1. Pick out, from B:L121, C:W193, C:P229, the residue whose Cα sits farthest towards the positive end of the charge dipole of the protein assembly as shown, with +1 on the Cβ of Lys and Arg and -1 on the Cβ of Asp and Glu.
2. Please list, ordered by chain and number, the residues whose modelled amide H lies under 5 Å from the amide H of C:D85; skip anything fewer than 5 residues away on the same chain.
3. Looking only at Cβ-Cβ distances, which cysteines of the protein assembly as shown have no other cysteine closer than 4.7 Å?
4. Picking from C:A174, C:L484, B:L83, whose Cα lies most toward the positive end of the charge dipole for the protein assembly as shown (charges on Cβ: Lys, Arg +1; Asp, Glu -1)?
5. Tell me, what is the per residue accessible area of segment C:286-505 in Å², probe radius 1.4 Å?
6. Among the chymotrypsin sites (Phe, Trp or Tyr not before Pro) within segment C:188-235, which fall in a DSSP loop and have no more than 11 other Cβ atoms within 10 Å of their own Cβ?
7. How big is the antiparallel share of DSSP beta bridges in the protein assembly as shown, given as a percent to the nearest 5?
8. Once the other residues with Cβ under 14 Å from the Cβ of C:I508 are scored (Lys, Arg +1; Asp, Glu -1), what is the net sum?
Amino acid sequence: MYSYIVKRLLILLPTLIGAAILVFLLLRLVPGDVCLLRFGGEGGYADPEQIRLCRERLGLDLPIYLQFFDYMVGFFTFDLGVSMWTSQPVTTEIGIRFGLSLQIAIMATLVSVVIALPLGVISAAKQNTPVDYFVRAFSIAGIAMPSFWLGILIILGLLIGSQAWFGRPWMPPIDYVPLWVDPWYNLSALIWPALATGYRYSAVATRMTRSAMLEVLHEDYVRTARAKGLIEKVIINKHALKNAMLPVVTIIGIEFAFLMGGLVVTEQVFNLNGLGKLFVESVTQSDYTLTQALVMLVVAIFVLVNFLVDIMYAWLDPRIRYN
Amino acid sequence: MATPDISIESDELPARKTILQRTGRLARKQPLGFAGGIVVLAMIIMAIFAPWLAPFDPEQANFADMLVPPGAASNMGDGLFLLGTDQFGRDLFSRIIYGARTALTVGFTAAIIGSFAGLALGVASAYFGGYFDLVLQRIIDVFMAFPLIIMALAIVAIFGTGTDKVIIAITIPFIPRCARVVRSSALAVREMPYVDAARSIGYGNARIIFRHIAPNVVAPFLIMLTAFLGEAILLEASLSYLGLGVQEPTPAWGLMLQGGAEEYAESAPWVPIFPGLAITIAVFGFNLFGDAVRDALDPRLRSR
Amino acid sequence: MKSRLTRFAASVVLGSALAVGAGSISASAQEYGGELRLVVGSKIPSYDGHIESTFGMIHPIRPFYSMLIRINPDNPSSPTDFVCDLCVGDVPEPTNDGKTYTFKIRQGVTFQDGTPLTSADIKATFDKMAFPPEGVASNRKAYFKMIDSIETPDPETVVFNLKFASGTFIPSVAMPFNFVYSKKDLDEHGYKWHQTNINGSGPFHFVEHVQGSHVLGKKNPNYYHEGMPYLDGFRAISAPKMSVRLQAIRGGQADIEFRGFPPKARDDLVKALGDQVTVQESDWNCVLLVTPNHKVKPFDDPRVRQALSLAIDRAGGSKYLSQIAIVKTVGGIGFPGHPLSSTPEYLEKNIIGYGKDVEANRARAKELLKEAGHENLKFTLHNRGVDQPYKVVGTWLIDQWKRIGLDVEQWVQPSTPFYATLRTKKDFDVSLDFNCQAVVNPIADISKFLPSGGANYSDFEDQQLEDIYNELLQTGDPAKQRELFAAYEKRVLNDLASQFITLWWYKINPYRSYVKGWKIAPSHYLNQSLENIWIDQAEYKKQLGG
């Protein structure tokens, strides 16, 4: 088992380095840089001297291999540098958004679980009945709907609905106040995107719950339980659900990791100051250092979760280790 | 020499028959999948016959008819706007019909290229194994973990915007995902006795791959392919919404949700609602269809 | 100088400020208290006004600083009405043949950290901008080329000695980017400290900036303008998407946005909120222009460029586009309505593409294309990936060109590669471009069209144009100025068609009617100190409750 873990860990390294190289190259292939945008972005006159100074300060005038060398050294010493746009340390910039993204991820995962578990179980228990079809259609609609469109509809609905009921249009707050400062304000802003994304992500979990339940319902011990005359509700709750949980928990874990990477499009619609919005901003502003750090964060979360899932499965099923 | 060939052929023949039978059963046993198939068919018809179905030129701005509500007549007296118009006075109905063209072009091209490239890489990776497999899998790891938006932005910035560039941006992440799934299926097949037999008779790599391994990974491959179709349409919409996809004045559903559609959502809700509905119905149809294909092809799920 | 200014001020008729609904902008009894929530559509690159040029920095940061002089906050629509901020009395008249300006500095002003402000701080500030040491950036250096030296004979006096008399000196000093810094900060922390720190003497004190979310300011209790500011504080909320800013005002999460909304958005807000919204409108000192790349065939041929300009129905665009985009006014190269600029009647008769008979213009365009041998020309229009007004105007232009048989595809790029293409790569056919200035100063503003002006990306040379401009710079007589201005305009728009104008921007600010005291200026950079804004508390409670 330990040698398997070590082997899997070693495999992570090339992935991380590969992603680091890829993002470095892709960013530099985009014409223009942060200095040109910052000082010439309003269309008027931009002092060439100022642009030169900016490039010098940010090291953009260095040959590309030196820039890469600096970047790699920083990468291995965990010194991610400062944002090229704001001059704040990259870790500070990310730290500010991390809390919001974490909170949304948790809330959306909760929403997703609350939707997925009951629906998946009902769907499996009532397999191939109209109830099953309805649940499946409902959850597939969740993935089919573009999340930003759902966001637009939610805001539209809130504005129109609040005007109709309270005579005064209301929309969720657009600035971020941490949960511990003002829970009500915080939640009134974040519950909507959490609902939108939670619904979307519940689709996969619903399907997983359904098929895991179906699989378990066909297992011998469930049949035995049925033969013993236990009523269906007890069978489902006590016996089947417990055993069906593992793949469901796995899929929820993976989804959580995806959510942590930031909700690029949904954060735009709701003006959330999360990692996804930071991502779009840093990319469109050619903020190399910040984009690189964000990409590495997303990649690291992704490979780490995959690693944990692999380890968990290897632990549960020893055959995998020798494959 | 002829004997193993026949035995393999005879192995496959009944399989083909059951696929046909299953398709027949699909409509009866899979009402959802059948509904999905109808949506897909309707979309294909919309895309092909767009010029005949669309009452207006989808790109012709007409400022006398800006933001006309659904069902109202044109102020220019040249017809009825079934779904209303956008801020340029363009008929939404016509734009949605033509948008099906963009969506299907992007969806099919990206899904087909992505899954075939993934098929080739996955089979090759499994078949050759060793360092080739190891290195290829690490590259695939990188691309699977890499955020799509960076890729899309770089592609747009390097090659410019346009439908073909969106296709590239969407195809790239599909390749490693399909390759990964195909590889694991192919790995299982590789150890099968008939592949050993073919190898022992001295068949070349290409022949073994194409005749013996590839057909056996068809099921997971088709499942990926159909799943990609809906996903590609969604990704295209998201990229266009972020301004990184298809550009004005080309009719594309994601693009129709951006900019004015949001700003005027309150007074002209039809502008964001109909294109979003078109995306949802299309992806919904593709997903139902894909699920049915999966149920039909995945032996593990077939019995259910 | 003064006489000319006064005459300008008297004759300028700007897009009048309109008040819609019950909310009136006329002054009544000001009230104290409340927090103003403004939404800002752009990010803050740094806090240093001397190097930045985005309203994303001006809107949240300007209220923390004072300036030597500024445009009159009570009459901001006049491009020539400058008043003292940190100086006392009127804006000084020059002496020594227009080469010396002596400012008397207000006493008793303190920075946020308590340091008193003296003439030394003014000198240090302008020295930083005009004569930055090696390795220090200043985006204002070019505006202060005329300054020879700055002296401080005593703590109450600053003297600017100019190399030559210049009509652009006062407008340049009044630019809203010229934050006055404390000499102590510059001496102790260096010239880059202000990029990440704030210590000003403005109407508000800096409280916090949460990157990507908001900037908080609170009332400066020792502010030197009597009785101001009225607000307890302000909250500048970052919201890059226009639809979010709009919904925030509608949904009670923000009170005002200072850049500008499209007309349809204004109509929607007024429709939804009725008299709870006040609207102010003004012509805007920003213009979208078309820049053909003269180095790319067939755009080296003036006939082709003229045809492109002739195809544009500007009057029609003004009528229809002004319903969906932040553009409206038909104008030449100068800010519409300014005495130096051409009148609509003049443009219609003398400039190609401005004539009322659109069909005739288009027929002529087709003829020109035929002569040039490019009847069914196909090309790409390079555009910036920003909706308002770039992509809207771009989509409109493509439609206009379609009507003379041209097949144009839009090539939209995100901002960074867009500017790289425009400024350095130059691999575009025809590009949308824009010129946007803070203080209205037509003679300086039209340097955009000058090949040697530093901001002209159409890549050509023309000695005749350079000569006209140089003469214009050195002429003091208004009549002669207008004559040269017109000649310059004709050379640019007719003979060369080197670049051409689409429509001028139109600034529309709908906001919650409990916000009082603010007056619109012809630029989103101007009049942003927020000191004269106050909140009608009764109205606020009525609209938002509690």
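The values are calculated or read from the model by the stated rules, or taken from the named source; none is laboratory data. Predicted, not measured: the structure shown is a model, and the values here were computed from it. Note that each Cβ is placed from the backbone with ideal geometry, even for glycine, and that neighbours are counted across all protein chains shown. What goes into the accessible areas is simple: the full protein's heavy atoms, side chains included, and nothing from ligands, DNA or RNA. Shrake-Rupley method; radii C 1.70, N 1.55, O 1.52, S 1.80 Å.
1. With unit charges placed on the Cβ atoms, the residue in question is B:L121.
2. Amide H to amide H, under 5 Å and 5 or more residues apart or across chains, C:D85 pairs with C:I69, C:R70.
3. Cysteines of the protein assembly as shown left without a disulfide-compatible partner: B:C178.
4. B:L83
5. On the way: 7380 Å² over 220 residues.
That works out to 34 Å² per residue.
6. Details: sites: C:Y191, C:W193, C:F204, C:F206, C:Y223, C:Y224, C:Y230, C:F234; in loops: C:Y191, C:Y223, C:Y224, C:Y230.
Passing sites in segment C:188-235 do not exist.
7. Values: 51 of 68 bridges.
Antiparallel bridges make up about 75 percent of those DSSP assigns within the protein assembly as shown.
8. Details: positive: C:R245, C:R259, C:K264, C:R266, C:K328, C:K507; negative: B:E263, C:E257, C:D267, C:D268, C:E281, C:D283.
Here the charged neighbours net out to 0.
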